[in-house]
1. Considering only the range 618-650, state which residues are surrounded by fewer than 16 Cβ atoms within 10 Å (Cβ to Cβ) and either touching a helix residue (DSSP H, G or I) at 6+ places or on another chain (Cβ under 7 Å) or of a type outside the set (V, I, T) (or both).
2. I want to confirm something. Restricting to the range 1-59 and keeping residues that are in a loop (DSSP other than H, G, I, E, B) and aromatic (F, W, Y), which single residue is modelled with the lowest pLDDT?
3. Answer yes if at least one residue in the range 175-183 is part of a loop (DSSP other than H, G, I, E, B) and over 27 Å from I48 (Cβ atoms), and no otherwise.
4. Being surrounded by fewer than 18 Cβ atoms within 10 Å (Cβ to Cβ) and small (G, A, S) is the filter; apply it to the range 593-617 and report the residue that is nearest to E183 (Cα to Cα).
5. Kindly indicate whether any position in the range 317-325 is within 24 Å of E180 (Cβ to Cβ) and out of contact with any Ser or Thr (no Cβ under 7 Å at 6 or more places or on another chain).
6. In the range 515-533, which residues are of a type in the set (A, V, I, L, M), within 27 Å of I501 (Cβ to Cβ) and surrounded by 15 or more Cβ atoms within 10 Å (Cβ to Cβ)?
7. Take the residues in the range 301-317 that are surrounded by fewer than 24 Cβ atoms within 10 Å (Cβ to Cβ) and of a type in the set (F, W, Y), then tell me which one is farthest from the chain's Cα centre (by Cα).
8. Consider S679 against the criteria (1) over 27 Å from the mean Cα position of the chain (by Cα); (2) modelled with pLDDT under 90; (3) surrounded by fewer than 19 Cβ atoms within 10 Å (Cβ to Cβ): it satisfies all of them except one. Which criterion is unmet?
Amino acid sequence: MKTRRLSLFVRSFTVAMLWAAAGLLNAQTDIPAFGPVFLQNEVATVMITMDPDSADAMLFGDVDYAASNPFPAVIEYQSSVLDTLIDTVAVRLRGNTSLFAPKKSFKVDLNAFIPGQKFADLEKINLNANQNDPSLLRAALSWNILRRMGLAGSRTSMVRLMLNGEYMGAYVNTEHMDEEFVEEYYDKDGGNFYKCLWPATLEYEGASSDDYKFEVNGRRVYELKTNTEEDDYSDIAEFIGVLNNTPAEDFSCAIEEVFNVADFLKVMALDVVSANWDGYAGNKNNFYLYHNPQTGLFDYIAYDLDNTWGIDWVDGDWESRNPYAWSPEYRPLYDRLMEVDEYRSWYTHYLRKVVEEYAHPDSVAAFLEPRMAALYPAVATDTYYPQSFGFNTNDFEASLEEAWGGHVEYGIMPWLENRSYSLYTQLDPEEPVLILHELEDNAPVLDSLRVRAIADAGDDAIELTCWIDAGAGPQPYAMYDDGAHGDRKAGDGTWGIKVPIQWNWTTVDYQVQATASSGLERWLPCAPLTVTVGLSPSDLVVNELMSSNANNVSDAFGEFDDWVELFNAGDYPIELGGKYLTDNLSVPNKYALPSGTIAPGQWAFYWLDNDPEQGEYHAPFTLSSTGDEIALFEWNDTEEVWVLLDFFAFGQSEQDASLGRYPDGADYWVWFATPTAASTNNYAIILDVGETPGRQARVMGPNPSSSCVAWDGLPASGALWDAQGQLRRTFSHVNGLCRDGLSAGVYMLTLDDGSRWRWIVVD
């Protein structure tokens, strides 16, 4: 029986109310909207202003220095929807071989000099010259297809670049892959994110995690881009070990426990259709691996997609190459998957989908033609455009249909025609397919077990069943793709089920079964998965927090940051070492508490500011003022499990108000008008009528009450919120409310005249 390592012990008190506010079953991959920085229907203007000597050094000096040493600058972004000036940013060259091209590519780092500075939620802007591509848009086409396939892929847009008033030419603004990218696509960024560059073969180097920290040309081949302080490579070492060392008869079950096979095969299908020879399977280069905490799997993310759609620097005859023998050399991730008949059929299915849908000539033309028309004026006046290879505006206009020669062996559309014809002559015969992958649960489980999986049976009908065993034998629960059962959107191929936890459940085993009308059947995982239920009894609790601190409590650096307070509600001192705080239950160890003890009735205080460099009491995450969660974990060495000590989820925060237990350590949470950081909540000023400036003084009673509450004055409209900030009810033009099914607890009443009360409902 497999067991989730994020296991928990049973807690004696009820936590359903706390859990109700948490949306813990997050999507594995969300495709964000393009947003104002990535406009699809116009060419924006980017203006960079910097010291002229710095500009000369960057353009004409030592390229290695200019690529590794950012220069201070000011950037302005102008479009039909934005006109934004951002002071004090950093600009450097980007690329590898492109560093030596006349037309440079640039990286703009917005927070290099001002920590936390962003532009439309971006910390970096990549301005790619794409100087080897006469269309400038081959990479953008590939990114667009990946996004349409439901995969993580950079957003792109077209821009004109000005540097100190000089026109630098037409560029493609390409979303940078970093923590913000991960957060956009995977909801939260707690997992390890590796940039993999040549020669990243994913071959076995040894059992030690340090074996995968080796360098080539002064950089790590597998470079960890998140969680760098921990520098823990044990996850990628485990993945590569499973990939290379698992016997063939056990391979499919083992690899699906550590790697997202189906989505990798989707990327490979696009690589093969577009002839991305500079990726993993071709040149062991240019990809990312993200260890997704929501699924426990590594996700493969493609990167640097300009050498595609008929561009060939290595004479690889890619247009005719066998899709099942794509790698020129041994690549364990590709070759071992091709040895599994089931995976080969998935791959064949995805190849047909790419050719017939995502890269169909009509679809490709619909993407490229309007963008090339919009980009033409910028290219026509781009004096740098011809300097690398002699391209001219005629070459740009003809790039869809005509080869340029040299490394540009095909126009995009002829390439697609030739490659598609070649593929159809080599593809395995079409046959029924059943794809089931990306199993996801909401461990730790408190109020209900929520399970989600992705399934695809082509044109065949499909049914999913979750078999759940809480001690009385496996019971079937139908799963749904209707948008109402913990799945994503109706009809999107993601299936879900929510099963309420019963009071006597301590562990739950489950397994998902998929059946197709073709007769195919698949189970995921190969053996039932076990999750445990509840919180562990603990006297150490989260006691107060603040997620919208504008003017109230400042740290030693004069910054008004998020913070959290812990409280020892017991009778004995508690050791803080070995305990962790996190804003993501799937990543328990985000912040290790500094060693020390907390005495009974005392408090411990920590800044949640994502500034760990400011000291050990500064955690590497922040809270969202629109609603978030916080959890306290402990690692149990004996059981080798994570133990959840406390958890709290909250909704929209009011600026400069804190949320805390009242009194200290109690089960009730209320809003405080004046935060009580690192001190008792017992005498806090609770947000109530007349206690916040500008609010009208109405009289309400009885309070506490067991049935109804009323207020004086004119009838009012408003809303009722529970202690976790979740909207429970709205009302209009009334003088009171009745309990009407509300359980005992603390609620917040907000009226449209600005009044607000704490209403205590009692039994």
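The values are calculated or read from the model by the stated rules, or taken from the named source; none is laboratory data. Given the structure is predicted, the values throughout are model-derived calculations rather than measurements. No Cβ is skipped: glycine too gets one built from the backbone with ideal geometry, and neighbour counts run over all protein chains shown.
1. Pass one, the range 618-650, residues surrounded by fewer than 16 Cβ atoms within 10 Å (Cβ to Cβ): 624, 626, 635-640.
Hits for the range 618-650 are S624, W635, N636, D637, E639, E640.
2. So the first thing to find is which residues in the range 1-59 are in a loop (DSSP other than H, G, I, E, B), and the list is 1, 4-15, 20-42, 51.
Now drop any that are not aromatic (F, W, Y), which leaves 9, 13, 34, 38.
Values: F9: 30, F13: 27, F34: 92, F38: 96.
Per the criteria, the residue is F13.
3. Taking the range 175-183 first, the residues part of a loop (DSSP other than H, G, I, E, B) are 176-178.
With the extra rule that they be over 27 Å from I48 (Cβ atoms), the set shrinks to none.
No, the range 175-183 has no match at all.
4. Here the residue is G615.
5. Taking the range 317-325 as the starting set, the residues that turn out to be within 24 Å of E180 (Cβ to Cβ) are none.
No; the residues of the range 317-325 include none that is within 24 Å of E180 (Cβ to Cβ) and out of contact with any Ser or Thr (no Cβ under 7 Å at 6 or more places or on another chain).
6. Of the residues in the range 515-533, the ones of a type in the set (A, V, I, L, M) are 516, 520, 524, 527, 529, 531, 533.
When the remaining residues are screened for being within 27 Å of I501 (Cβ to Cβ), the result is 524, 527, 529, 531, 533.
Listed by number, the residues that qualify are L524, L529, V531, V533.
7. W313
8. Among (1) over 27 Å from the mean Cα position of the chain (by Cα); (2) modelled with pLDDT under 90; (3) surrounded by fewer than 19 Cβ atoms within 10 Å (Cβ to Cβ), the lone unmet condition for S679 is (2).
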